[in-house]
Amino acid sequence: MDYDAVLDEIGSFGKFQIKILLWICLPVLYGAANAVSYVFIARTPPYRCFVDQCEQFESAKYNQDWLQYAVPGSISSGQFVPDSCYKYSFNSTGLTGNNTCVADLFGKQREKCTSWIFDENEVTMINDWPSEMTCPENEWKLALIGTANFAGVMIGSAIFGFLADLYGRRMMFIASLAFMSLTGIGQAVSSSYMMLLIFTLLNAAGTAGIYFSVFVLIIEMLHKSKREMSSVLLNYFFAIGGALVGIIAYFERNWRNLTLWIAAPPIIFVIDYWLIPESACWLIANKFYTKAFKIIQKAAKDNKKELSASIVSQFKGTNIDINISSDSLSQSSQTEIRSKNNYVAILKSRKLVLRCLVLFFVWGTNSLVFYGLSLYSVSLSGNIYLNFMYVSLAEIPGITIAWLTMNRIGRKSPLIMSFISCGACCIIGAFISEDLVWLQILIFLVSKMAISTSFTITSVYTAEMMPTNMRSGCVGTFSTVARLSSLLAPFIPLLKNFHNSLPLTVFGSFSLASGLMSMLLPETFGSNLPDTVQEAENIGT
């Protein structure tokens, strides 16, 4: 059955599609917020040593006039910035009897802190477990929170992707949505670092399940002339969700409250189970013809279209009157067998294996550079919350460029140019003088915009190359492998400790390499979604 012909008749983009998009894209906004909130949860706030000779722990403030006598530090923008982990040794012979902290009270010998005072304007996870999280020797624990986040996305992409192929897009969307919300609440009430680490991994798995089940649901719901909208719409909401985190974090500086504000509200969207239908494309591919025909009839009615006799006859020719849903268990088993056979068929095709290898590298670069630049943004000069919002919103013009070019030029050429543009800007930005702050930020934003363009194109491009019975699983597989590279993203900014240019140079090199490798992929612009491995192999020929 030609599903694209069905979409021709029910309308490419009408009331039916708009209503569904509204209900499934709002949860994506919260999914994006959950995905990047760790940037502020695991951020290092300003902190210094507690100086017991000069202050009471319960009433101590981060900024004090006497700090330059008691704590080593440096001058930045005319202000004294205290060292985080050392203080000067106490010199009892300098006591004046007036309880005033003066220079004579302290020697110049440095000693390690045992307790710390944090900037009262921000509370992150470090405040809750200072003995485990402070000072350079514990920086890896903060980076590990980010790594756990990406590991969770990797696991979630694999699990929910394959489950969506077996049990449907809608079911996995609702399951991952509830899972994300509940594990996010678990993050907020964590009583230990290890508990937070585990819930961070689980929460990220749920966010990945939301993104990929929704992405495939949209791409199978839209006509090929509107297919670009699937990735574009999701990435718009993803960008806005990222900016939302910056806004909430600006007003809510306590990490536990911030997490609750982001994780708790999405639970209400479980009502989508009764508001959105299953993918008719998936139902047809798995021979649930009765359910598929009812959805198609509803879509045609909402869009004020009439189904032709030829489409109706195709459904009648599939024994539509048989209640297939009563045999759903055996159908699921048959689906699993067919999927396994299709994966074996892909491995026997040299052409498809080569494409998959290129896509693995492309997905990996997108993930590493996209998230790496987001993490690196809080290292830029200026207000960290505004910077994060700017970098998140810079994705919107990148997504828009992807949409416009995919509609007019295709997939391949814009993908190549976006990677090359990102790579060039990253490498140029790595060697711009630190005195030219405005130019550094401008180049940085262009880099983020370009990688957003490539990420948007890659999602659509990949789905258009994969057969229906394996589409969600394949997209999930590519994302899973990509997350192996994103596990490194939290650690790449630390390369700045060796040389300032290293982080951006690494991002730029991977982008340029992916641009060159993308030349090996076929163009899919205007092609029907392939239903079989053979059809997938014939794309671009």
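The values are calculated or read from the model by the stated rules, or taken from the named source; none is laboratory data. This one's a predicted model, so the numbers in the text were calculated from it and none came from an experiment. Cβ placement follows ideal geometry from the backbone for every residue including glycine, while neighbour counts extend to all protein chains displayed. Note: accessible area is taken over every heavy atom of the protein model, side chains too, but ligands, DNA and RNA are not part of it. Shrake-Rupley method; radii C 1.70, N 1.55, O 1.52, S 1.80 Å.
Okay, residues lined up against (1) under 20 Å from PRO490 (Cβ atoms); (2) of a type in the set (A, V, I, L, M, F, W, C); (3) modelled with pLDDT of 90 or more:
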| position | (1), (2), (3) |
| --- | --- |
| LEU375 | yes, yes, no |
| LEU380 | yes, yes, no |
| VAL391 | yes, yes, no |
| GLY398 | no, no, yes |
| ARG408 | no, no, no |
| CYS426 | yes, yes, yes |
| PHE431 | no, yes, no |
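Scanning the range 529-541 for residues that are exposed (fewer than 15 other Cβ atoms within 10 Å of the Cβ) and assigned to a loop (DSSP other than H, G, I, E, B) returns THR532, ASN538, GLY540, THR541. State whether one or more residues within the range 29-43 are among the charged types (D, E, K, R), modelled with pLDDT of 80 or more and more than 30 Å from MET389 (Cα to Cα). Within the range 29-43, none of the residues are among the charged types (D, E, K, R), modelled with pLDDT of 80 or more and more than 30 Å from MET389 (Cα to Cα). Quick check: is even one residue across the range 462-469 closer than 22 Å to PHE150 by Cα and open to solvent by less than 10 Å² (accessible area, probe 1.4 Å)? Taking every residue of the range 462-469 in turn, at least one turns out to be closer than 22 Å to PHE150 by Cα and open to solvent by less than 10 Å² (accessible area, probe 1.4 Å).
Set side by side, the residues ALA158, ALA188, ALA151, ALA204 differ, and just one is modelled with pLDDT of 90 or more and surrounded by fewer than 24 Cβ atoms within 10 Å (Cβ to Cβ), which is ALA188. Scanning the range 243-277 for residues that are open to solvent by 10 Å² or more (accessible area, probe 1.4 Å), aliphatic (A, V, I, L, M) and closer than 15 Å to LEU26 by Cβ yields a total of 7. Among the residues of the range 18-38, are any part of a loop (DSSP other than H, G, I, E, B) and surrounded by fewer than 16 Cβ atoms within 10 Å (Cβ to Cβ)? No, every residue in the range 18-38 fails to be part of a loop (DSSP other than H, G, I, E, B) and surrounded by fewer than 16 Cβ atoms within 10 Å (Cβ to Cβ).
Residues that are hydrophobic (A, V, I, L, M, F, W, C), more than 30 Å from PRO522 (Cα to Cα) and open to solvent by 50 Å² or more (accessible area, probe 1.4 Å) within the range 407-436 comprise ILE428, PHE431, LEU436, listed in sequence order. When the residues of the range 221-237 are filtered to those that are open to solvent by less than 10 Å² (accessible area, probe 1.4 Å) and either acidic (Asp, Glu) or under 12 Å from SER459 (Cβ atoms) (or both), the one that is modelled with the highest pLDDT is LEU234. Residue pairs whose Cβ atoms lie under 9 Å apart, separated by 6 or more positions or on different chains, with the first residue in the range 63-76 and of a type in the set (D, E, K, R) and the second open to solvent by less than 50 Å² (accessible area, probe 1.4 Å) and modelled with pLDDT under 90, are ASP65/CYS101. Residue selection: VAL446 satisfies the criterion of being open to solvent by 30 Å² or more (accessible area, probe 1.4 Å), among the β-branched types (Val, Ile, Thr), in contact with a Cys (Cβ under 7 Å, 6 or more places away or on another chain) and modelled with pLDDT of 75 or more. Of GLN53, GLN68, all but one fail to be open to solvent by 10 Å² or more (accessible area, probe 1.4 Å), assigned to a helix (DSSP H, G or I), farther than 30 Å from TRP274 by Cβ and of a type outside the set (D, E, K, R); the exception is GLN68.
Going through the range 83-106 one residue at a time, which ones are open to solvent by 70 Å² or more (accessible area, probe 1.4 Å), among the β-branched types (Val, Ile, Thr) and at pLDDT 75 or above? None; the set is empty. Filtering the range 488-509 to residues that are among the aromatic types (Phe, Trp, Tyr) and surrounded by fewer than 22 Cβ atoms within 10 Å (Cβ to Cβ) leaves PHE491, PHE498. Among the residues here, MET194 qualifies as more than 26 Å from VAL369 (Cα to Cα) and free of Cβ contacts under 8 Å to residues at least 12 places away in the same chain. I need the full set of residues from the range 498-528 which are farther than 18 Å from CYS426 by Cα and modelled with pLDDT under 80, in order please. GLY526, SER527, ASN528 - these are the residues of the range 498-528 that are farther than 18 Å from CYS426 by Cα and modelled with pLDDT under 80.
In the range 113-199, which helices (runs of 4 or more DSSP H) lie fully inside it and hold 1 or more residues that are among the aromatic types (Phe, Trp, Tyr)?
Details: elements: 125-128, 130-133, 139-167, 169-188.
Per the criteria, 139-167, 169-188.
With respect to the conditions (1) assigned to a helix (DSSP H, G or I); (2) crowded, with 18+ Cβ neighbours inside 10 Å; (3) in contact with a helix residue (DSSP H, G or I) (Cβ under 7 Å, 6 or more places away or on another chain); (4) of a type outside the set (Ser, Thr, Tyr), GLN314 falls short on a single one, namely (3).
From the list TYR371, TYR390, TYR385, TYR376, the lone residue that is open to solvent by 60 Å² or more (accessible area, probe 1.4 Å), among the hydroxyl-bearing types (Ser, Thr, Tyr) and in a helix (DSSP H, G or I) is TYR390. For the range 112-128, filtering for residues that are exposed (fewer than 15 other Cβ atoms within 10 Å of the Cβ) and at pLDDT 90 or above leaves 2. I'd like the full set of residues that are at pLDDT below 85 and part of a helix (DSSP H, G or I), limited to the range 1-17. Listed by number, the residues that qualify are TYR3, ASP4, ALA5, VAL6, LEU7, ASP8, GLU9, ILE10, GLN17.
Looking at the range 55-73, is at least one residue of a type in the set (Phe, Trp, Tyr) and within 30 Å of the chain's Cα centre (by Cα)?
No: zero hits.
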